[in-house]
1. Which pairs turn up if I take residues in segment 195-220 that are free of Cβ contacts under 8 Å to residues at least 40 places away in the same chain and among the polar types (S, T, N, Q) and look for partners that are part of a loop (DSSP other than H, G, I, E, B) and surrounded by 19 or more Cβ atoms within 10 Å (Cβ to Cβ) with beta carbon separation below 9 Å, at least 6 apart in sequence or on another chain?
2. From the list 166, 129, 159, pick out the single residue that is in contact with a Cys (Cβ under 6 Å, 6 or more places away or on another chain), open to solvent by less than 40 Å² (accessible area, probe 1.4 Å) and assigned to a helix (DSSP H, G or I).
3. If the requirement is being open to solvent by 60 Å² or more (accessible area, probe 1.4 Å), of a type outside the set (Lys, Arg) and over 18 Å from the mean Cα position of the chain (by Cα), which of these qualifies: 27, 21?
4. With respect to residue 230, determine if the residue is of a type in the set (Ser, Thr, Tyr), over 18 Å from the mean Cα position of the chain (by Cα) and under 25 Å from residue 120 (Cβ atoms).
5. Does residue 92 satisfy being closer than 23 Å to residue 210 by Cβ, outside any helix (DSSP H, G or I) and either over 16 Å from the mean Cα position of the chain (by Cα) or modelled with pLDDT under 95 (or both)?
6. What pairs can you find where one residue is in segment 65-83 and over 16 Å from residue 34 (Cβ atoms) and without any contact (Cβ under 8 Å) to a residue 12 or more places away in the chain, the other is open to solvent by 70 Å² or more (accessible area, probe 1.4 Å) and charged (D, E, K, R), and their Cβ atoms are less than 6 Å apart, with a gap of 6+ or different chains?
7. Which residue, of 177, 216, 186, is in contact with a strand residue (DSSP E or B) (Cβ under 9 Å, 6 or more places away or on another chain), more than 20 Å from residue 10 (Cβ to Cβ) and of a type in the set (S, T, N, Q)?
Amino acid sequence: MIKLADTSTNYIYTTRIPIDLDKEIFLKLTKSVSQYKRKRIFSYLKYDDALRSLFGELLVRYMLAAEHSEDPRKFIISVGPYGKPYIRNWNGSLHFNLAHSGNWVASAASYRPIGIDIEQVSDIEMDVAEHYFSPEENSVLALLSGKSRQKHFFLLWTAKESYIKADGRGLAIPLSSFTVSLSSQSVFFNQEPAERRFLKHYYPDTDYVLAVCAESSAFPNTIKFVDFTTIMHMFLGD
């Protein structure tokens, strides 16, 4: 059985993708991802959406291969009933998750459930917060303005997304049904803390926010950045 080097640690990897990647190289790389992912990649109308989807799985495979000194192609990746990906041929408990936004892709792995989200900070609409955030979260947001409100919004949004992805049910859990406390980095349902859930934020770039939610609090101080050319070399050997 293959194991992570440290079963208590959460691993987090990121890469920045080239939106103008040559399409011939793109097609070659699609041969290294799972069948379900390949089908999704070719369903996108926009090339940049297809690139993000492609590099999402490539980064996951790179991360797993780097941590285990394994062939990145050996992992059979499928999706569960709520759309969360998992490794079908893994003899043990290993969880991973991925996210992408703009030209950034992020992945995380742990021996316990884990979720990750990354968002590019942009203008916000308060009616979005009113619909998706809890009353407690909206009360705090209403006290802020300008850049402070914008930052707080994306800290909440990424934390909430990472939580429902760690849970595995995704949007089957309404985002407004629970409250994220940024001060304690905790999740609450009806003022009761969710069991064994820890949150941490990172800033991979000046206008991006990344959040990870996990059952283990062993977060790295920094996330691992991998140049996209290194990832391509692993799969193409060029």
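1. From segment 195-220, the pairs are 206/121; 217/10.
2. Selected residue: 166, the only one of 166, 129, 159 that is in contact with a Cys (Cβ under 6 Å, 6 or more places away or on another chain), open to solvent by less than 40 Å² (accessible area, probe 1.4 Å) and assigned to a helix (DSSP H, G or I).
3. 27
4. For residue 230, the condition - of a type in the set (Ser, Thr, Tyr), over 18 Å from the mean Cα position of the chain (by Cα) and under 25 Å from residue 120 (Cβ atoms) - is met.
5. No: the conditions fail for residue 92.
6. No pair meets every condition.
7. That would be 177, the only listed residue that is in contact with a strand residue (DSSP E or B) (Cβ under 9 Å, 6 or more places away or on another chain), more than 20 Å from residue 10 (Cβ to Cβ) and of a type in the set (S, T, N, Q).
The values are calculated or read from the model by the stated rules, or taken from the named source; none is laboratory data. Please read these numbers as outputs of a predicted model, since none were measured by experiment. With ideal geometry, Cβ positions are generated from the backbone for all residues, glycine too; neighbour counts draw on all protein chains shown. Each accessible area value is taken on the protein alone, full model and side chains, heavy atoms only, with ligands, DNA and RNA left out. Shrake-Rupley method; radii C 1.70, N 1.55, O 1.52, S 1.80 Å.
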